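Before we start, here is the structure in question, set down as structure tokens.
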Amino acid sequence: MIERPKAINIPSRLDTDFADDVLQKARDTDELTQRLDLISREFLGFAYQEGSLGGGPDLDEEFRIDLKVFDCVTFMELVLALALADTVSDFIDTTRRIRYDEGQIDWFHRNHYMVDWTRNNERSGFVRNVTSGPYTLEKTCTLSLITGLETRTATFRYFPSEQLVMENNVMETGDIILFVSTRKDLDVFHTGFVFNRSDRIVIRHATRRVGMVIDQNLDEFVAQNQLAGIIVLRPLCQR
């Protein structure tokens with residue numbers, strides 16, 4: 001008896017043909033940082049949409065993958081999931097495991113705060129937090145901004161913005177950069193990928209300021225925003 005392949009449970013809003021087209025363009029590229037660059041480039045100019053995942057504590061969680069509009073987190077995690085996948089099925093499963101603690105599709109298991117996103121995805125082997133050493137500082141904040149989640153305290157390390165030159169030596173092309181908030185009730189306010197160009201470091205991100213996915217000089221972004229510093233995460237190849 002021939003065993004039939006299992007049917008793919010397609011998340012809402014996912015254009016599987018488009019996802020497959022993106023994967024096919026990266027088919028002959030094996031090195032992870034090159035895949036991240038190539039795949040993320042496909043989304044330059046795509047629209048920014050705040051809160052693109054929807055949902056809430058009183059709603060059944062909708063597993064949503066939208067490759068047409070992004071906020072900063074969905075852009076980062078969907079590009080990462082695509083770079084780690086060979087097939088659309090792989091992409092869907094990797095997105096689930098990146099977005100939700102232990103891969104459980106539930107609003108309370110979603111990695112709402114980036115300190116949770118970092119911890120859970122480092123534990124799962126998708127990233128390595130390289131934010132350590134004598135140039136880092138410690139921040140403790142009271143996370144209380146998301147209605148429906150219990151208020152709690154989180155402590156983490158970051159590179160202060162005053163050490164930007166030192167941070168540039170830590171960052172590698174394809175790294176994920178998290179921008180640490182100066183607020184006492186928030187950990188991180190923005191994220192994207194960094195790519196080293198010949199004479200500068202570029203952040204590729206979905207930005208509310210411009211309303212789309214863009215490349216921007218890191219120095220320019222830092223000058224435009226008030227930040228305590230950054231966290232640097234290194235994507236890890238699981239292919």
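We did not get these values from a lab; they are worked out from the coordinates using the rules stated. All figures in this text were calculated on a predicted structure; none of them were measured in a lab. Positions of Cβ are generated from backbone atoms using ideal geometry, with glycine treated the same way; all protein chains shown enter the neighbour counts.
Packing-wise, with mean Cβ within 10 Å as the measure, how do 185-197, 113-125 rank, highest first? Show your work: numbers first, answer last.
Values: 185-197: 20.2, 113-125: 18.6.
Highest-to-lowest ranking by the protection proxy: 185-197, 113-125.
Something else about it: Which ordering of Arg209, Arg13 is given by a fewest-first count of other beta-carbon atoms within 10 Å?
Working: Arg209 12, Arg13 15.
Going from least to most buried by this count: Arg209, Arg13.
Another question, if that's okay. Output the relative contact order of the chain, whole-number percent, from Cα pairs under 8 angstrom with separation of 6+ residues.
22 percent
I would also like to ask the following. Picking from Leu67, Leu36, Leu80, which is most flexible by a Gaussian network model of the chain using Cα springs under 10 Å?
Leu67
Then there's this: In what sequence do Ser181, Ser144 fall when counting other Cβ within 10 Å, fewest first? Can you show the working numbers first?
Values: Ser181 21, Ser144 14.
The most exposed by this proxy come first: Ser144, Ser181.
Which GluC sites (Glu not before Pro) does segment 35-95 hold that lie in a coil by DSSP with at most 13 other beta carbons within 10 Å?
Glu50, Glu62
A further question on this structure: Given labels modelled 7 Å from the Cα in the Cβ direction, how far is it in nm from Leu145 to Asp86?
Taking the two extended label points, one gets 3.9 nm.
Also: Contour minus end-to-end for Asn9 and Asp106, with contour as 0.36 nm per residue of separation and end-to-end as the Cα-Cα distance?
Extra length available between Asn9 and Asp106 comes to 33.3 nm.
Compare the Cα positions of Gly45, Thr142, Ile105 along the charge dipole of the chain (+1 at Cβ of Lys, Arg; -1 at Cβ of Asp, Glu; about the Cα centre) and return the one farthest towards the positive end.
Value: Thr142.
Name the shape class, rounded, prolate or oblate, that the alpha-carbon gyration tensor gives for segment 40-115, where a ≥ b ≥ c are the square roots of its eigenvalues, rounded holds for a/c under 1.5, and otherwise prolate holds if a/b is larger than b/c and oblate otherwise. Working shown, then result.
Details: a/c = 1.90, a/b = 1.25, b/c = 1.52.
Oblate, because a/c is 1.5 or more while a/b does not exceed b/c.
Shape of segment 127-235 from its Cα gyration tensor (a ≥ b ≥ c, root eigenvalues): rounded if a/c is under 1.5, otherwise prolate when a/b > b/c, or oblate?
Oblate shape, in that a/c is at least 1.5 and b/c is the bigger or equal ratio.
So, one more: Can you tell me how much longer the chain between Gln34 and Thr173 gets when fully stretched, taken as 0.36 nm per residue apart minus their C-alpha distance, in nm with one decimal?
49.2 nm
Can you bin segment 1-127 into rounded, prolate or oblate? Criterion: square roots of the alpha carbon gyration tensor eigenvalues sorted a ≥ b ≥ c, rounded for a/c under 1.5, prolate for a/b above b/c, oblate for the rest.
rounded
Tell me the label only: which of [x] 1, 3, 5, 9, 11, 12, 13, 12, 10, 8, 6, 4, 3, 2, 1, 1, 0, 0, 0; [y] 1, 6, 14, 18, 21, 18, 12, 6, 3, 1, 1, 0, 0, 0; [z] 1, 5, 11, 15, 16, 13, 9, 6, 4, 3, 2, 2, 2, 2, 2, 2, 2, 2, 1, 1, 0, 0, 0 is P(r) over Cα pairs in 5 Å bins from 0, in percent as calculated from this structure?
The value matching this structure is [y].
How much length, in nm to one decimal, is gained on full extension between Glu62 and Gln216, taken as 0.36 nm per residue of separation minus their Cα-Cα distance? Show your work: numbers first, answer last.
Numbers: separation 154, 0.36 × 154 = 55.44 nm, distance 3.21 nm.
Stretched fully, the Glu62-Gln216 segment lengthens by 52.2 nm.
Then there is this: Roughly what % antiparallel, to the nearest 5, for the DSSP beta bridges in the chain?
90 percent
Here's a follow-up. Treat every Asp and Glu Cβ in segment 16-123 as -1 and every Lys and Arg Cβ as +1, leave all other atoms uncharged, and give the resulting dipole magnitude about the Cα centre to the nearest 20 debye.
On the way: 12 positive and 24 negative charges, 47 e Å.
In total the dipole reaches around 220 debye.
Let me ask something additional. Which one, Ile231, Thr118, Phe193, is farthest towards the positive end of the dipole of the chain when Lys and Arg carry +1 and Asp and Glu -1 on their Cβ?
Ile231
Follow-up question, since we're still on this one. Along Cα→Cβ, 7 Å out, is where each label goes; now give me the distance between the ones at Glu162 and Glu122 in nm to one decimal.
Result: 2.4 nm between the two label points.
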